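For reference, the structure discussed in these notes is given below.
Every read-out reported here was derived from the displayed coordinates using simple, explicitly stated rules and does not represent laboratory data. Keep in mind that this is a model prediction, so the values were computed, not measured. Positions of Cβ are backbone-derived with ideal geometry, glycine not excepted, and every protein chain shown enters the neighbour counts.
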Amino acid sequence: MLFRKKAKPDSHQSDEELVADLQRSMDADRFGILYDRYCAKVYQKCVGMTRDRDLAHDLTHDIFLKAFVNLSKFDHRSKFGTWVYSITYNYCLDHLRKTQRQRTDDLDEDAHGEVEHPEDRYEAELLSMRSEMLDEVLSKLEAGDRALLLMKYQDDLSVKEIMEVLGLGESAVKMRVLRARERAFELYQQLQPEGS
């Protein structure tokens with residue numbers, strides 16, 4: 001375990017109160033309270049993005065170390081949970097991009113082209129996919145697209161919350177979600193057996 005569980009009187013404090021206290025005086029035991037509150041959620045998000053439980057376990061520890069080291073930079077403009085989610089998303093995405101670049105370099109493959117569609121007509125199809133087919137589509141999607149779709153449909157984040165996590169404007173988030181859905185549906189059509 002990264003941070004030891006220890007029954008402390010501050011375990012009743014809100015996230016914001018605990019973070020404010022930690023910013024004044026860093027204490028691994030007190031940070032452990034935040035770890036206990038968010039560890040399972042961060043781990044599940046890592047599993048959802050990487051599709052690898054062992055890797056997700058390692059990334060979870062890395063993410064909490066990063067959060068601990070950077071806690072002084074937390075500015076209280078968003079909730080602590082949103083800040084941790086943002087670190088999780090970006091850390092996993094960076095890891096997946098790095099891994100994908102290495103694989104691409106190893107295979108010396110050309111980047112695949114994107115087809116853009118002006119209207120959002122794939123959401124219903126995406127939501128109606130059989131779960132096993134959806135799982136296969138998600139595993140084949142680029143990490144950024146997969147993460148966006150998981151945020152929107154698994155984690156049920158609003159556009160505003162996704163904006164906070166990604167640090168993007170509303171129209172950029174909506175366009176990225178739209179394109180991720182389109183690419184997911186294109187993959188779904190490619191994976192469909194003939195005559196289905």
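Things worth noting here:
- As a rough guide to protection, the peptides 142-151, 70-79 ranked by mean Cβ packing within 10 Å, highest first, stand as 142-151, 70-79.
- Of the cross-linked pairs LYS45/LYS140; LYS45/LYS160; LYS79/LYS140; LYS45/LYS79, those separated by over 23 Å at the C-alpha level are LYS79/LYS140.
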